[in-house]
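Below you'll find the structure, written out as structure tokens, and then a few comments.
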Amino acid sequence: MIQKVLVIGLVWPEPTSSAAGTRMLQLLQSFVNKGCIVSFASAAQQTEFSFPLGSIGVEGHEIRINDATFDDFIRKQDPNVVLFDRYTTEEQFGWRVAKAVPSALRILDTEDLHCLRAAREAAVKNGSDCKPENLLLSPIALREVAAIYRSDLSIMISQAEIGFLVDLFGVPNELLWYLPFLYEALDDASIAEWPSFHTRKNYFFIGNFRHYPNYDALRYLETTIWPRIRALDTEASMYVYGAYMSPAVQQLHDPITGFHIMGRADSVRTVMQEARVLLAPLRIGAGQKGKLAEALQFGLPSVTTSIGAEGMTSDGRWGGYITDDPDLFAKRAVDLYHNEGLWEEKQQEGVDVFRLQNQKAATEAFQERLIDLRAHLSDFRTRNFVGRMLTHHTMSSYKYLSRWIEEKEKRNL
């Protein structure tokens, strides 16, 4: 049985700002629902948008990087499970956890595969294709895959990413676990309350603009997709919402062309259910995309790219359209916007796609996997020779680097 869980976060969860914040809150809630004592610790600064963890029974702790006080902290916590939020957090704290509480399960939540996202970003910026060999040469891949091997289990939000890790890097399947977004089940009563086609209006985009894939998608939308849509529909209006809008994003505001930059949304549900079509021409990214999952959840048909829908549909079905061609993207968007019957058909298809991701079944299977791992942890770690080898060398190299930084900071005080 899992009794005590410690989550070490890269940042404090902000579910109103990003899909990563929503994902983290879902994971915390899943442990709380199982009766676990759950704590969350982070070396980051909290913001006005940080979720009040105490409201769901999670105790928050501030910790420091390269500081030996963490060792005493985690020994006192004495968790059964330690979950690292992204590979950089495992790099910073994994060796300390392994030394201080060696019997604790070490779980890595990748959020999405950062090396894949970075390779796609480089390809877009260079105007080239993202080839598998680009990933093999990536320094981020070396670090991220090493963190996966050092961990007892890595949570993957996308089956597509599991395919990359197994086929390209040779990561054993037993080190990986598919766990999609854990949204509540969508029932018929909720669907009946959705606003109708005629009460919705405008095209729509939303994202956290600290996340570069969202900025790239918005720029591509404004420069390439939107002019094509306006050529087909001269009265079209686009409304853009999101957190942490930079001056570069705000400068895209252009009411003359119907392109409106609105700022942070008070309620994602509200703005999504006011809109008629979500446009998400993502060219960069990995994992499942929160804006598209929530569009399915709130009955908002969308037009997106193959990267946007990646990991969320296995048979090509979608609550809208999937295309990488800008001309076809614009045509599909206008067709969907003006055709009520087509819009309702795609909305229903989105319901079917969303319901394939069953929160209860996914959570139960994940918890059972953790219990099984704890029962056979010694044998499991013995089989994971590469992981043991990397942990051995990491504990030596990171330990002395961390202590050197700690001593240097003391001398600078």
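Quick notes
- Every residue from the range 12-40 that is in contact (Cβ under 8 Å) with a residue 40 or more places away in the chain and aliphatic (A, V, I, L, M): A19, A20, M24, L27
- For first residues located in the range 340-355 and among the basic types (K, R), partners that are open to solvent by 50 Å² or more (accessible area, probe 1.4 Å) and not in a helix (DSSP H, G or I) and lie 6+ apart or on another chain with Cβ distances below 9 Å form the pairs R355/A185.
- Single match in A243, A217, A248, A231 (criterion: in contact (Cβ under 8 Å) with a residue 12 or more places away in the chain, out of contact with any helix residue (DSSP H, G or I) (no Cβ under 9 Å at 6 or more places or on another chain) and of a type in the set (G, A, S)): A243
- Where a residue in the range 59-83 is over 11 Å from K4 (Cβ atoms) and free of Cβ contacts under 8 Å to residues at least 24 places away in the same chain and its partner, wherever it lies, is open to solvent by 20 Å² or more (accessible area, probe 1.4 Å) and not acidic (D, E), with Cβ under 6 Å and at least six apart: R64/A43
- Conditions (1) part of a loop (DSSP other than H, G, I, E, B); (2) farther than 25 Å from I2 by Cα; number of the one not met by E161: (1)
- Helices (runs of 4 or more DSSP H) completely within the range 320-384 that count 3 or more residues being under 30 Å from A236 (Cβ atoms) and aliphatic (A, V, I, L, M): 326-338, 340-355
- Of all residues in the range 159-188, those that are touching a residue at least 12 places away in the same chain (Cβ under 8 Å) have Cβ atoms under 9 Å from Cβ atoms of residues that are of a type in the set (K, R) and open to solvent by less than 70 Å² (accessible area, probe 1.4 Å), 6 or more apart or on another chain, in W177/R369; F181/R23; L182/R23.
- Contact annotation: residue pairs with Cβ atoms under 6 Å, 6 or more positions apart or on different chains, pairing a residue in the range 130-157 that is part of a loop (DSSP other than H, G, I, E, B) with a partner that is modelled with pLDDT of 95 or more and open to solvent by 10 Å² or more (accessible area, probe 1.4 Å), are S151/R106; D152/R106.
- Test: residue in the range 36-43 that is within 25 Å of L370 (Cα to Cα) and part of a loop (DSSP other than H, G, I, E, B): yes
- The single condition from (1) modelled with pLDDT under 95; (2) open to solvent by 30 Å² or more (accessible area, probe 1.4 Å); (3) in contact with a helix residue (DSSP H, G or I) (Cβ under 7 Å, 6 or more places away or on another chain); (4) not β-branched (V, I, T) that W177 fails is (1).
- Taking the numbered list (1) more than 28 Å from L296 (Cα to Cα); (2) small (G, A, S); (3) modelled with pLDDT of 95 or more in turn, A333 passes all entries but (1).
The values are calculated or read from the model by the stated rules, or taken from the named source; none is laboratory data. Please read these numbers as outputs of a predicted model, since none were measured by experiment. Every residue, glycine among them, receives a Cβ derived from its backbone with ideal geometry; neighbour counts consider all protein chains shown. Calculation scope for accessible area: heavy atoms of the full protein, side chains included, ligands and nucleic acids excluded. Shrake-Rupley method; radii C 1.70, N 1.55, O 1.52, S 1.80 Å.
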